[in-house]
Amino acid sequence: QVQLVESGGGLVQPGGSLRLSCAASGSIFSISTMGWYHQATGKERELVARISSGGSTNYADSVKGRFTISRDNAKNTVYLQMNTLKPEDTAVYYCNALISTYYSGDYYNDWGQGTQVTVSS
């Protein structure tokens, strides 16, 4: 069994910063791509950023230059540094990872429980 546990969300003023963390734990053999998605009220879940096991990154156009994704493979943890936050960044942020376990060599898609980020004055 694998768990993805997020932390770091909260309320911040426009122009402020937050750092999200997501730690994977359990019977993990390997983690491939890790990423962050967000879902605003009444909208579909969208990719924010993702990072490969080798460190290659992709970002949504709306966050380029403001957000930075990184990971610590030794800790099975992915981070999202969010700077210059805007009200439109308000959403629930979900961690995502492609994981293979000691019980199965196949990778499957796993999600965290979500953490709320609210940008408001």
Going residue by residue through the range 15-21, the Karplus relation 6.51 cos²θ - 1.76 cosθ + 1.60 with θ = phi - 60° gives ³J(HN,Hα) values, rounded to whole Hz and with x marking Gly or Pro, of x, x, 10, 9, 10, 9, 10
Could you provide, to the nearest whole Å², the per residue accessible area of the range 7-46 with probe 1.4 Å?
54
Through the Karplus equation 6.51 cos²θ - 1.76 cosθ + 1.60, θ set to phi - 60°, convert the phi angles of the range 66-83 into ³J(HN,Hα) values in whole Hz; use x for Gly and Pro.
10, 10, 9, 9, 8, 8, 10, 5, 5, 9, 6, 10, 10, 10, 9, 8, 10, 10
Give me the one-decimal nm value for the distance between modelled label points at residue 81 and residue 25, 7 Å along each residue's Cα-to-Cβ direction.
2.6
Give, to the nearest whole percent, the P(r) tail of the range 63-121 beyond 17 angstrom, counting all Cα pairs.
53
Normalised per residue, the volume inside the convex hull of the alpha-carbon atoms of the chain in Å³ amounts to 94
Placing +1 on each Lys and Arg Cβ and -1 on each Asp and Glu Cβ in the range 13-121, then taking the dipole about the Cα centre, the residue among 100, 32, 49 whose Cα reaches farthest towards the positive end is 49
Could you check the spin-label model distance between residue 11 and residue 109? Points 7 Å from the Cα along Cα→Cβ, value in nm.
3.4
What's the carbon and sulfur percent of the chain's accessible surface, probe 1.4 angstrom, rounded to a whole number?
45
Be a star and scan the range 5-37 for residues whose amide nitrogen sits under 12 Å from the point 7 Å along the Cα-to-Cβ vector of residue 102.
26-30
Cα-projected label distance for residue 1 with residue 58, points at 7 Å along beta-carbon direction, nm
3.2
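The values are calculated or read from the model by the stated rules, or taken from the named source; none is laboratory data. This one's a predicted model, so the numbers in the text were calculated from it and none came from an experiment. Heads up, the Cβs are rebuilt from the backbone with ideal geometry, glycines too, and the neighbour counts pull from every protein chain shown. Just the protein is used for accessible areas: all its heavy atoms, side chains included, with ligands, DNA and RNA removed. Shrake-Rupley method; radii C 1.70, N 1.55, O 1.52, S 1.80 Å.
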